[in-house]
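As structure tokens, the structure follows; a few thoughts come after it.
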Amino acid sequence: MLLFILLSALVLCGCAQYSSDQCNWIGSGLMHESHARDVEQVYLRCAEGSLEWLYPTGAVIVNLRPNLQRAEGHLRACVKPRPDSRGARLYVERAGALRLLLTEQDQAAGRVRCFSLQEGVLFVEASARRDISRRITAFQYQLISGDQPHSHAAACRPCANDELLMAICTSDFAVRGSIHHVEEEDDDDEDQASVVVSLSHVYRQKSRVFVSGGGGRGRGRWAGRVKMPRRCGPQAGQGEFLFTGAVRFGEAWLGCAPLYKDFIGLYHAALDAGTNPCHIDTD
């Protein structure tokens with residue numbers, strides 16, 4: 001009985017409500033029950049992780065400080081909220097100035113938003129409500145390097161020859177195929193398209209974002225979806241491409257995507273010169 005009373009007191013006072021490591025943070029607004037405008041500082045040092053804020057009150061400043069050699073200025077953070085996330089808005093904050101990143105409606109729709117770490121930190125502000133019960137603000141985050149060929153920033157623009165050769169080696173996925181069709185997105189203000197691709201060869205992939213109808217590996221009939229900005233103007237019947245890019249939250253995002261005939265000519269020239277950074281099967 002005494003143990004039950006002590007545990008109940010811990011929960012009521014908000015004690016032991018925080019769980020944190022280098023990648024993830026779980027906290028509770030019950031700590032701020034008598035100080036609704038308290039601001040919590042959180043430091044996360046991984047390339048990906050998550051945050052879960054129970055009963056949000058006040059605000060949480062999320063400092064993404066990855067233990068990476070590259071400069072933070074080249075890094076972008078992408079945030080994907082849980083569909084049941086509510087009770088707070090997400091902003092990018094720098095020197096007291098706030099830029100709205102995700103509303104509660106955006107979070108309910110599961111929209112992904114990205115920002116550069118140069119723009120500031122992630123500021124999570126609880127909505128002003130008396131009833132905070134059954135409210136949880138929760139999201140995943142991933143950091144990507146904006147200066148690499150498989151980043152979202154590289155999509156749509158022509159990649160330099162050295163970027164194309166490196167993309168086949170370092171991208172989360174590198175596949176050969178064509179656009180089958182472009183799926184319509186429900187959200188018209190989202191600058192993204194979901195492209196269904198039909199593939200003849202999978203050179204590499206992180207996670208199983210592309211699947212084989214016959215269960216085979218490498219060659220065969222493969223299919224999947226690739227996300228890209230609408231401004232890329234994807235259309236079926238544009239030819240055969242080498243699709244490369246990054247995997248974010250289990251989805252493939254386009255990086256460099258040259259026509260395959262252009263890439264293979266470049267690759268063979270580099271192979272003859274001994275400058276190809278890695279080897280692929282082109283038979």
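The values are calculated or read from the model by the stated rules, or taken from the named source; none is laboratory data. Keep in mind it's a predicted model, so treat the numbers as computed, not measured. Reconstructed Cβ throughout: ideal geometry from the backbone, glycine too, with neighbour counts over all protein chains shown.
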**Fill in**
Taking the stretch 230-266 and keeping residues loosely packed, with under 15 Cβ neighbours inside 10 Å, at pLDDT below 90 and either assigned to a helix (DSSP H, G or I) or assigned by TED's automatic domain parsing to the domain that holds Y141 (or both) leaves R230, R231
**Request:** Tell me, yes or no, whether the stretch 113-136 has at least one residue that is among the hydroxyl-bearing types (S, T, Y), assigned to a strand (DSSP E or B), at pLDDT below 95 and surrounded by fewer than 18 Cβ atoms within 10 Å (Cβ to Cβ).
**Result:** yes
